């Protein structure tokens, strides 16, 4: 059954997302709506969709901050775990805020090439 919309509940969801929780974990709480209800709310209201998108962007910023903290706290004993945590957060931040943390592709080609024609094709 779809949950009745509440701006207060939706604000709490967005705040928890921005603090790094997953929507799945948030919606598992007994006092929260299920994911289907949240997605219906988002599909029917662009203002809510914008608020949700901002919360996800803030989550990307949080993950970026985590990368710096984890790398600063890494020790020789936990460096492999730290590397996995960093890579996971970098990937998530890049998906949540691609313009800020995504991979940059350089599509400009600054090199040159030479064509050498030899043999029978030289008479062309």
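Nothing in this text is a laboratory measurement; each read-out follows from the coordinates by a stated rule. Note that the structure is a prediction, hence the values are computed from the model and not measured.
Between helix 79-96 and the chain, what is the angle of the helix's C-alpha long axis to the longest principal axis, kept within 0 to 90° and rounded to the nearest 10? So the helix axis and the longest Cα principal axis differ by about 90 degrees.
Mean-square fluctuations from a GNM of the chain, with a 10 angstrom spring cutoff on Cα atoms, peak among 77, 15, 103 at 77.
Using only Cα atoms and rounding to the nearest 10 degrees, what angle (0 to 90) does helix 46-73 make with the longest principal axis of the chain? Rounded to the nearest ten degrees, it is 70. Tell me the angle of helix 7-18 to the major Cα principal axis of the chain, expressed in degrees between 0 and 90 and rounded to the nearest ten. So the inclination is approximately 40 degrees. Under the criterion of Cα pairs below 8 Å and six or more residues apart, the relative contact order for the chain equals 20 percent. Direction-averaged projected area, Cα convex hull, region 1-68: 4.4 nm², rounded to one decimal. Note: the chain, Cα convex hull, 253 Å³ per residue.
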